[in-house]
Amino acid sequence: MHKAGLRLTYYSMIRSARLCAVAAALLAAVSCGAKEPVRYEVKVLKEYTHDRAAYTQGLFFHDGSLFETTGLNGSSSLRKVELESGEVLERVNFSRKYFAEGSVVLDGKLYVLTWTNRVAFIYDAKTLEYRQTYSYPREGWGLTTDGKSLIASDGSSRIYFMSPEFKPQKSINVSLGGRPIRNLNELEWIDGRIWANVYLTDMILIINPDTGVVEATVNCSGLLPQNLRRQDTDVLNGIAVDADKKIYLTGKRWPRLYQVELVKSK
């Protein structure tokens with residue numbers, strides 16, 4: 001089998017294993033008497049063009065505009081995107097040595113994490129002009145905010161709350177049925193809860209920010225149809241909510257961005 005086929009087989013195996021882990025945690029929640037999380041699926045309300053080359057790491061709205069950070073060394077960027085057309089209106093490219101990750105705006109500053117470089121970049125949210133670089137104590141994965149703190153994931157089961165200067169405030173361990181759920185990736189703050197992609201799965205978790213307990217799961221299997229997938233199409237990753245509480249989802253190298261609503265699983 002050629003290398004691409006081996007890689008796809010490997011990722012399929014890992015994805016299946018992680019979905020099984022989430023399923024096992026759901027069963028554990030029932031068997032141990034814990035409150036079972038609400039289970040949702042997604043219904044597509046509208047779809048938009050998304051740059052198929054964008055390896056989506058961060059996605060959010062600010063002042064009515066859609067922003068996105070993309071990863072990979074040599075391809076990492078910060079973008080301001082027109083929702084209706086998918087056109088990139090403004091773009092900041094990163095040096096090849098940086099792998100950009102999650103991003104968010106807090107108090108007029110646009111924050112961008114990096115994966116293993118242990119630095120975070122600060123830009124002016126209005127102009128996208130560079131302002132500052134901070135050292136960062138761990139791998140950067142997802143980033144969001146509750147309007148007061150920066151909230152970040154690092155690929156583990158932990159979520160970290162920090163000041164705008166990256167000073168630690170607290171952390172929570174995310175659990176489902178008493179079991180920690182690892183590989184938390186892109187984050188979004190929606191209605192007082194943290195939404196998190198689970199890397200290499202089609203699952204989103206809705207997390208209590210005080211306890212870390214998963215209160216609901218969102219199964220996004222089949223969101224991107226098979227006929228729109230190519231060999232380099234990657235995983236679900238990208239959650240954004242606009243000022244009207246409309247929810248949008250996409251993935252790494254997906255040709256579509258979807259406005260969705262939650263529907264309780266039957």
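Between L224, L200, which is crowded, with 19+ Cβ neighbours inside 10 Å, farther than 25 Å from G64 by Cβ and free of Cβ contacts under 8 Å to residues at least 40 places away in the same chain? It is L224.
Going residue by residue through the stretch 91-114, is there one that turns out to be without any contact (Cβ under 8 Å) to a residue 24 or more places away in the chain, out of contact with any Lys or Arg (no Cβ under 6 Å at 6 or more places or on another chain) and either farther than 22 Å from A54 by Cβ or of a type in the set (V, I, T) (or both)? Within the stretch 91-114 (the criterion being without any contact (Cβ under 8 Å) to a residue 24 or more places away in the chain, out of contact with any Lys or Arg (no Cβ under 6 Å at 6 or more places or on another chain) and either farther than 22 Å from A54 by Cβ or of a type in the set (V, I, T) (or both)), the answer is yes, since at least one residue qualifies.
Criterion applied to A216, A152 was being part of a strand (DSSP E or B), among the small types (G, A, S), touching a residue at least 24 places away in the same chain (Cβ under 8 Å) and surrounded by fewer than 20 Cβ atoms within 10 Å (Cβ to Cβ), and the one residue passing it is A216.
Looking at W195, W254, W189, which is the one that is part of a strand (DSSP E or B) and under 24 Å from E84 (Cβ atoms)? So that I can check it myself, show each step before the final result.
Details: W254 fails: part of a strand (DSSP E or B); W189 fails: under 24 Å from E84 (Cβ atoms).
Answer to the check: W195.
Provide a single number: the residues in the stretch 235-248 that are over 16 Å from A53 (Cα atoms) and within 9 Å of the chain's Cα centre (by Cα).
Narrowing the stretch 235-248 to residues over 16 Å from A53 (Cα atoms): 239-248.
Next, only the ones that are within 9 Å of the chain's Cα centre (by Cα) stay: 239-240.
Total satisfying the criteria: 2.
Residues in the stretch 229-262 that are surrounded by fewer than 12 Cβ atoms within 10 Å (Cβ to Cβ) and not charged (D, E, K, R) were compared, and the one that is farthest from Y40 (Cα to Cα) is Q231.
Filtering the stretch 33-42 for residues that are modelled with pLDDT of 95 or more, farther than 25 Å from V119 by Cα and of a type in the set (A, V, I, L, M) leaves a non-empty set.
Taking the criterion of being among the small types (G, A, S) and under 22 Å from V112 (Cβ atoms), would at least one residue in the stretch 221-238 satisfy it? There is at least one residue in the stretch 221-238 that is among the small types (G, A, S) and under 22 Å from V112 (Cβ atoms).
The values are calculated or read from the model by the stated rules, or taken from the named source; none is laboratory data. Computed from a predicted model, the values in this text were never measured in an experiment. We place every Cβ from the backbone using ideal geometry, glycine too, and count neighbours over all the protein chains shown.
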